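Asks: Sending over a structure as structure tokens; questions will come in a sec.
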Amino acid sequence: MGNGSLNAFLVRGAEFAGEYEFPVIASCNEIPDDITTFSRARKSSEYKKFICFYERDKEFENVWTHPREYLRMFRRFRGIIGFDYSLYRDMPLADQIFNTNRGLKLCYWYGKNGVRVIPNVRFGDERTYGFCFDGIPENSVIAIGTHGNTKDKENLGYMLKDFSATIRRLHPSRIIIYGSTPLEITALLDGADTAYSVYKSDTGRVFSRRKLKPARGPLLPWDEAALREGA
């Protein structure tokens, strides 16, 4: 099956949602004991962990190319967190839509075939709010990766707006956070009375003794009032 394949078989029997007809994936009530990245899981037998894809796309691109080859592996583990294909803010919107769709396709198919799947929400810029929640269940445990996305005030501003939009749209029962959680994020979640669990990234585990530094620069492009109002 070629790299350019649409993998239509992944969504046979699916219901679809939104303007772009993304497959609807099932809700999940699992809370991981621990999380490991896909690249580490391939060499691991710690099957009680959830597998996440918060790493470079090339590390898990072969899952899209040959999804059947990984079904047995994913079934061995406690579950997976939904695929986190890149949605860079400077990517053409068509590419962001494509990456969102293929991540949901894989989630639907693996879920249908006996793999526990915690839905992952991934954002680009504010344009992605028109589709990035489509197919994601409400009132479910969901996941968001912050690793590498909170180092400066501009990126932190985007993440704060992303979390705010997610709470309004999905009303998650709990948010699984993979990566750093600056005080601005925890304050937002506490203020919204949203439960969350934090899992340090592999890099974060290595540097867990380092004191976190405040993000650099002014909190742009949104101030507190804009965050409350949302997108």
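The values are calculated or read from the model by the stated rules, or taken from the named source; none is laboratory data. Remember, it's a predicted structure, so these values are computed and weren't measured experimentally. When we count neighbours, we look across all protein chains shown, and the Cβ atoms used for this are built from the backbone with ideal geometry, even at glycine.
Asks: Would you say Y47 is over 23 Å from F133 (Cα atoms) and in a loop (DSSP other than H, G, I, E, B)?
Replies: So Y47 passes the test.
Asks: How about the stretch 74-113: which of its residues are among the aliphatic types (A, V, I, L, M), more than 17 Å from F50 (Cα to Cα) and either in a helix (DSSP H, G or I) or in contact with a strand residue (DSSP E or B) (Cβ under 7 Å, 6 or more places away or on another chain) (or both)? Break it down stepwise before answering.
Replies: At the first step, the residues of the stretch 74-113 found to be among the aliphatic types (A, V, I, L, M) are 80-81, 87, 91, 93-94, 97, 104, 106.
So of that shortlist, the ones also more than 17 Å from F50 (Cα to Cα) come out as 87, 91, 93-94, 97, 104.
Those that are among the aliphatic types (A, V, I, L, M), more than 17 Å from F50 (Cα to Cα) and either in a helix (DSSP H, G or I) or in contact with a strand residue (DSSP E or B) (Cβ under 7 Å, 6 or more places away or on another chain) (or both): L93, A94, I97, L104.
Asks: Here is a list: F22, F38, F9. Which entry is among the aromatic types (F, W, Y) and within 26 Å of K200 (Cβ to Cβ)?
Replies: Exactly one residue qualifies, and that residue is F38.
Asks: Go over the candidates G124, G204 one by one and state the one that is under 17 Å from the mean Cα position of the chain (by Cα) and either at pLDDT 85 or above or at negative phi (or both).
Replies: G124
Asks: Also: In the stretch 1-27, how many are in a loop (DSSP other than H, G, I, E, B) and either of a type in the set (S, T, Y) or under 22 Å from R68 (Cα atoms) (or both)?
Replies: So the count comes out to 16.
Asks: So Y129 fits all but one of (1) among the hydroxyl-bearing types (S, T, Y); (2) outside any helix (DSSP H, G or I); (3) in contact with a Phe, Trp or Tyr (Cβ under 8 Å, 6 or more places away or on another chain); what number is the exception?
Replies: Unmet condition: (2).
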